[in-house]
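Colleague: Have a look at this one.
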Amino acid sequence: MSSGRITADAAGTWTIGDLTVNRVGFGAMRLTGSAAFHHGTPSDRDRAIAVLREAVELGVDHIDTAAFYFSALRSANELINSALSPYPQNLLIATKVGPFRTWAGEWGTSARPEDLRGHVEENLRQLGRDHLDLVYLRRMRQESIAEHFGALADLRTAGLIRHLGVSDVAPRHLAEARAIAPVVSVQNRHGLGAPTPATEELLAVCRDQGIAFVPFFAIAGDGGALGATTAHDDAVLAVARAHGSTPAQIRLAWSLAQGPHVLAIPGTGDPDHLAENIAAGALRLTAEELDLLNRVHRAGA
């Protein structure tokens, strides 16, 4: 399909808390380099800023980022601040805390609950904001997230955070968090051909409870943080040919077809890929195509 000037509203909208956004957003991780924060070659600053501005021009009003998204020369939050501040009133910027890196770029151990205020404040400084629209607690293998999530709930009460989400969780963690404060969004790894029982259950729980589900690595597949997969099933290639689209667009369209509460945050530092990702929101898969792709998905279990 031709990407043309298809805009992010083509996939429809979803309301996160009291903030209505287009279902196709933008993930900032890849802005900082070819392999994001995994020792990638630093990105071209001017191109990264141009991609962010073009994303907003194309209707993106939901950007996902984190203070720990940085490479040797680039910080995703600083790029967002430079490109988009003063921010459009309708722009939702989501960030996440839990993991952290030293100034040298080395990963630290999981943050303690008392560390989270400093992590929130670092995101505020880098983004140049007085509050954060949405903050995810990224679970770092804890059996219980109550103490960490409670610390973020206190920061929400203090006015530093508007809405809360959880990431890399099982249904029991979501229930644990919701007993403490409202959860408006869940962010887990999920993509075509890579099902896990906990995440499949979460998809249904979020749908039933009106909670946004935001998959990460929906395009990347096995590539994960290192980049998009090139290993596409024959069925994906066939559906892509039928629509005149790329396999990556089919993967995004499949994710969006999992429910109206599913939002996409594909990331790129390439303006052409940006247009393709946004155009995927206009793809409408037939019932037969969805059945075929769902079989591919289940076979990956």
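Colleague: Quick one: compute the contact order of the chain, relative version, from alpha carbon pairs under 8 angstrom and 6+ residues apart, as a percent.
Modeller: On the way: 607 pairs, mean separation 65.3, N = 301.
Dividing the mean separation by the residue count of the chain yields 22 percent.
Colleague: Quick one: net charge of D154's neighbours, Cβ under 13 Å, K/R +1, D/E -1?
Modeller: Working: positive: R117, R156; negative: E114, E147.
Summing Lys/Arg as +1 and Asp/Glu as -1 gives 0.
Colleague: Express as a percent, rounded to the nearest 5, the fraction of DSSP beta bridges in the chain (both residues included) that run antiparallel.
Modeller: 25 percent
Colleague: Computed over the Cα atoms of the chain, what is the convex hull's projected area averaged over all directions, in nm²? If you can, show how the numbers build up before the last one.
Modeller: Working: hull surface 56.3 nm².
One quarter of the hull surface, i.e. the mean projection, equals 14.1 nm².
Colleague: Given the options G12, G98, G244, which has the most mean-square fluctuation in a GNM of the chain, springs set between C-alpha atoms less than 10 angstrom apart?
Modeller: Result for the chain, Cα springs under 10 Å: G244 fluctuates most.
Colleague: Summing Lys, Arg as +1 and Asp, Glu as -1, what charge do residues with Cβ under 15 Å from the Cβ of H173 carry, H173 excluded? Can you show the working numbers first?
Modeller: Numbers: positive: K96, R138, R139, R141, R172, R178, R189; negative: E143, E147, D168, E176, E201.
Summing Lys/Arg as +1 and Asp/Glu as -1 gives +2.
Colleague: Could you point to the residue in W254, I219, G159 farthest towards the positive end of segment 11-299's charge dipole, with +1 and -1 charges on the Cβ of Lys/Arg and Asp/Glu respectively?
Modeller: Comparing the listed Cα positions along the dipole, G159 ranks first.
Colleague: Let me ask you something else. Report the far tail of the P(r) of segment 1-137, meaning the percent of Cα-Cα pairs longer than 22 Å. The partial results should precede the final answer.
Modeller: Values: 3648 of 9316 pairs.
Of all Cα-Cα distances in segment 1-137, 39 percent exceed 22 Å.
Colleague: Along its three principal axes, how long is segment 109-153 when you only count alpha carbons? Whole Å, largest extent first please.
Modeller: 34, 20, 14
Colleague: Pick out, from L124, L19, F70, the residue whose Cα sits farthest towards the positive end of the charge dipole of segment 12-149, with +1 on the Cβ of Lys and Arg and -1 on the Cβ of Asp and Glu.
Modeller: Working it through, the farthest residue towards the positive pole turns out to be F70.
Colleague: How big, on average over all directions, is the shadow cast by the Cα convex hull of segment 169-219, in nm²?
Modeller: 3.3 nm²
Colleague: Where the only charges are on Cβ atoms (+1 Lys, Arg; -1 Asp, Glu), what is the dipole of the chain about its Cα centre, to the nearest 20 debye? All intermediate terms of the calculation are to be shown ahead of the outcome.
Modeller: Working: 27 positive and 33 negative charges, 29 e Å.
I would put it at about 140 debye.
Colleague: Taking amide H atoms as placed 1.01 Å from N in the peptide plane, list the residues 5 or more away in sequence, or in a different chain, whose amide H sits under 5 Å from that of H163.
Modeller: L134, V135
Colleague: Further, regarding this structure: For a label point 7 Å from the Cα of R295 along Cα→C-beta, name the residues of segment 158-197 whose backbone N is under 18 Å from it.
Modeller: Hits in segment 158-197 for R295 at 18 Å: 192-195.
Colleague: A follow-up question, please. Starting from the Cα gyration tensor of segment 76-182, multiply each eigenvalue by 5, take the square root, and state the resulting semi-axes largest first in whole Å. Write out the running numbers ahead of the final one.
Modeller: On the way: eigenvalues 108, 59, 27 Å².
Working from the Cα gyration tensor, I get semi-axes of 23, 17, 12 Å.
Coordinate-derived values only; no laboratory data. Please read these numbers as outputs of a predicted model, since none were measured by experiment. Cβ: placed from backbone, ideal geometry, glycine included. Neighbour counts: every protein chain shown.
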